[in-house]
Amino acid sequence: MILVTGGTGMVGSHLLYFLLKKNERVRAIHRKNSDIHAVKKVFALYTSEVDPLFNKIEWIEANITEIPALSVAFENITKVYHCAAFINFDPSKYKVLKKANVEGTANVVNLCLANKIEKLCYVSSVATLGNGLYNQSITEETPWNPDEKNSVYAITKYGAEMEVWRGTQEGLDAVIVNPGIILGTSPDGGGSGVIVSIVASGIPFYPSGAMGIVDVQDVALLMIRLMDSETKNEQFILVGENITYKELFSKLAPLLGKKPPTKKLSKSIMFFLSGMDWLSNKLFGTKRRLIKATVQSMFTASFYDASKIKKEFGFQFTPTGETLKKIAKETRNTSN
């Protein structure tokens with residue numbers, strides 16, 4: 001039987017669908033307040049036979065930070081896909097991030113070892129990779145630099161990777177995937193929602209940065225192929241295309257019936273607003289909405305080389321245009 005952590009999340013929900021289509025026996029853990037039935041929203045993107053597939057999932061209420069319930073979830077499991085994570089860039093959330101991402105992953109790794117799990121697949125992020133020198137593309141070999149202004153999220157995801165590598169030293173077979181910005185539908189309405197809402201608002205501004213993007217379907221399919229292969233104790237960048245914010249917004253805007261942005265955002269103004277956001281949080285307890293690390297990423301051009309995974313499986317990533325058409329269609333269907 002296969003165990004999926006983070007089954008109600010974006011990657012986990014799509015992964016569940018493709019595992020079930022392979023007739024795999026699947027168990028998924030969910031937290032107490034998560035809505036498992038929201039996963040049907042993702043299944044409906046692929047099939048009209050939603051309930052028959054969904055009902056094959058064995059759901060167990062557990063949290064990766066709570067060992068007793070998590071231990072029960074590991075009974076009779078042979079492979080584990082660890083998709084659960086806490087995503088936040090607010091420095092004040094560091095302890096929560098560390099507990100979920102680092103300690104939670106340590107728990108998963110320890111239980112994999114204790115239960116002699118055949119193989120683990122961990123979903124990390126390109127945020128754990130270093131910066132390319134002299135405009136070079138970032139590869140799996142680009143070293144993490146602790147002296148960089150890394151976000152608290154990146155720091156804890158890197159710590160989680162160290163737990164997985166520690167597990168491999170103790171006899172666990174594992175693979176790590178490092179996706180870029182994942183585009184697709186999420187059960188909770190998140191996922192590409194932020195980007196879509198920005199473009200759908202019709203604002204004429206765009207930041208000057210660039211990033212690597214990937215279709216969530218590609219991420220799920222590649223995870224399964226890695227787990228079904230003989231490949232072990234390696235990591236892979238999953239990026240379909242490196243693209244600027246301006247290009248991405250300009251491609252998506254017409255699909256949503258909006259005009260492409262034409263004005264470049266001012267970096268200095270955005271950092272000023274981020275400072276005001278921080279001050280408001282300290283003085284009045286308002287929620288942080290413009291974290292400094294987020295602003296920094298908006299104006300950073302990072303380019304990733306995914307040739308390793310392409311060579312390993314001869315995989316062709318979904319073209320960005322196709323991904324954006326799907327997102328736009330789903331957005332229209334939701335709003336109607």
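Laboratory data are not the source of any read-out in this text; all were calculated from the coordinates shown. Keep in mind that this is a model prediction, so the values were computed, not measured. So basically every Cβ, Gly included, is an ideal-geometry build from the backbone, and we count neighbours across all protein chains shown.
A straight chain from residue 49 to residue 166 at 0.36 nm per residue would run longer than the Cα-Cα distance by 38.0 nm.
Would you mind checking the pairs 98/311; 79/310; 79/325 and listing those with alpha carbons more than 32 angstrom apart? Flagged as over cut-off: 98/311; 79/325. Think of the chain as having a plus end and a minus end, set by charges on the Cβ of Lys, Arg, Asp and Glu; of 77, 236, 297, 297 sits farthest toward the positive end of this dipole. Within the shell of other residues whose beta carbon sits under 12 angstrom from the beta carbon of residue 208, the net charge comes to +3, with Lys and Arg scored +1 and Asp and Glu -1.
Which one, (i) 20.2; (ii) 16.1; (iii) 17.4, gives mean projected area of the Cα convex hull in nm² as derived from the coordinates shown? Answer by label: (iii).
For residue 33, what charge total do you get from the other residues with a beta carbon under 15 Å from its beta carbon, if Lys and Arg give +1 and Asp and Glu give -1? Working shown, then result.
On the way: positive: 31, 32; negative: 35, 61, 66, 188.
Summing Lys and Arg as +1 and Asp and Glu as -1 gives -2.
What share of the DSSP beta bridges in the chain is antiparallel, in percent to the nearest 5? Taking every DSSP beta bridge within the chain, about 10 percent pair in antiparallel fashion.
Annotation note: GluC sites (Glu not before Pro) in region 230-336 located in DSSP loop regions with a Cβ neighbour count of at most 10 within 10 Å are 230. When each full DSSP H helix of the chain is screened for a Cα extent of at least 24 Å along its own axis and an average Kyte-Doolittle hydropathy of at least -1.0, the helices passing are 152-169, 267-284.
Candidate cross-link partners of residue 56 among the aspartates and glutamates, defined by an alpha-carbon separation under 18 Å and a same-chain spacing of 8 or more, comprise 24, 35, 75. Measuring between their Cα centroids, region 51-69 and region 1-34 lie 8 Å from each other.
For the chain, a simple Cβ point-charge model (Lys and Arg +1, Asp and Glu -1, everything else neutral) yields a dipole of about 1260 debye relative to the Cα centre.
Checking the cross-link pairs 287/326; 232/292; 21/326; 258/308; 232/308; 251/287 against a 25 Å limit on the alpha carbon distance flags 287/326; 232/292; 258/308; 251/287 as lying beyond it.
Using Cα-Cα distances under 8 Å and only pairs 6 or more residues apart, what relative contact order does the chain have, in percent? Taking the mean separation of contacting Cα pairs over the length of the chain, I get 18 percent. Summing Lys and Arg as +1 and Asp and Glu as -1 over all other residues whose Cβ lies under 11 Å from the Cβ of residue 97 gives a net charge of +3. Ranked by the mean number of other Cβ atoms within 10 Å per residue, highest first, peptides 211-220, 41-50, 26-35, 262-271 order as 211-220, 26-35, 41-50, 262-271.
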